[in-house]
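These notes are about the structure you will find just below.
The values are calculated or read from the model by the stated rules, or taken from the named source; none is laboratory data. Only a predicted model underlies this, so the values are computations on that prediction, with no experimental measurement involved. As a convention, Cβ positions derive from the backbone with ideal geometry for all residues, glycine included, and neighbour counts pool all protein chains shown.
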């Protein structure tokens, strides 16, 4: 079957750095995306990796290793507003459909 | 980018009735999708809304229960038919624009069936 695994919950301190890992097993691979979702809100796009390596966007970075079927989202200089759920998602075909991980709830303590 | 207006934002419905959820995108998009999400859980794809033709449903979802329309490139509706309390959930529409890799989402419809 097709699956994505990520930790259910991560706790970190304000100002710190946190890494959320995602491993995937899919029939095809067109890229790994990360989305943020605050309670009561809609998912919003954070980043996308189609090739191996690190993509940086401000405080957020995302990494992909296709040979390991693994990626991570790195959040630096954590702020209280970063408290949310983070989902990894894989495009496994050319139809733009996404396969979603279960989500990681990020709890930030002052 | 694309902005999706989804309505209603929430509703409380009697069992046995139907609710139609609408999504309007402010620009033409290539693909539109409908998801269901239980609070605290992941997104489950219901179907892909195909412009001018029947939607493509995922396993476990059928057209009689979740009829979908997409008459043009910017609008789609999802109907939840003959509702039961098990249909209580958040329903989200999503769109992808051209070759853009980013998926945009409506704000969701929180449905409670009593």
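Considering every residue within region A:38-55, establish whether at least one is crowded, with 18+ Cβ neighbours inside 10 Å, more than 15 Å from residue A:103 (Cβ to Cβ) and over 14 Å from the mean Cα position of the chain (by Cα). No: zero hits. Name every residue in region B:41-54 that is more than 27 Å from residue A:40 (Cβ to Cβ) and either surrounded by 21 or more Cβ atoms within 10 Å (Cβ to Cβ) or more than 13 Å from chain A (Cβ to nearest Cβ) (or both), in order of residue number. Those that are more than 27 Å from residue A:40 (Cβ to Cβ) and either surrounded by 21 or more Cβ atoms within 10 Å (Cβ to Cβ) or more than 13 Å from chain A (Cβ to nearest Cβ) (or both): B:51, B:52, B:53, B:54. Looking at region A:26-93, the strands (runs of 3 or more DSSP E) lying wholly inside it that each contain 1 or more residues that are modelled with pLDDT of 95 or more, within 21 Å of residue A:9 (Cβ to Cβ) and within 11 Å of chain B (Cβ to nearest Cβ) sit at A:32-37, A:44-49, A:84-91.
One line per residue, one yes/no per condition, for (1) modelled with pLDDT under 95; (2) part of a loop (DSSP other than H, G, I, E, B); (3) touching a strand residue (DSSP E or B) at 6+ places or on another chain (Cβ under 6 Å); (4) surrounded by fewer than 16 Cβ atoms within 10 Å (Cβ to Cβ):
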{"residue": "B:5", "(1), (2), (3), (4)": "no, no, yes, yes"}
{"residue": "B:20", "(1), (2), (3), (4)": "no, no, yes, yes"}
{"residue": "B:24", "(1), (2), (3), (4)": "no, no, yes, yes"}
{"residue": "B:35", "(1), (2), (3), (4)": "no, no, yes, no"}
{"residue": "B:39", "(1), (2), (3), (4)": "yes, yes, no, yes"}
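Once region A:94-108 is narrowed to residues that are assigned to a strand (DSSP E or B) and at pLDDT 95 or above, the residue that is farthest from the other protein chains (Cβ to nearest Cβ) is A:108.
Among the residues examined, residue B:102 does not qualify as within 14 Å of chain A (Cβ to nearest Cβ), free of Cβ contacts under 8 Å to residues at least 60 places away in the same chain, in contact with a strand residue (DSSP E or B) (Cβ under 9 Å, 6 or more places away or on another chain) and under 25 Å from residue A:86 (Cβ atoms).
If you filter region B:55-68 down to residues that are free of Cβ contacts under 8 Å to residues at least 24 places away in the same chain and assigned to a strand (DSSP E or B), you find that the one that is surrounded by the fewest Cβ atoms within 10 Å (Cβ to Cβ) is B:56.
Here is a yes/no grid of residues against (1) within 20 Å of residue B:106 (Cα to Cα); (2) free of Cβ contacts under 8 Å to residues at least 24 places away in the same chain:
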site: A:26; (1), (2): no, no
site: A:52; (1), (2): no, yes
site: A:69; (1), (2): no, no
site: A:84; (1), (2): yes, no
site: A:97; (1), (2): yes, yes
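Of the residues making up region B:77-114, just one is on the phi > 0 side of the Ramachandran plot and within 11 Å of the chain's Cα centre (by Cα), namely B:108.
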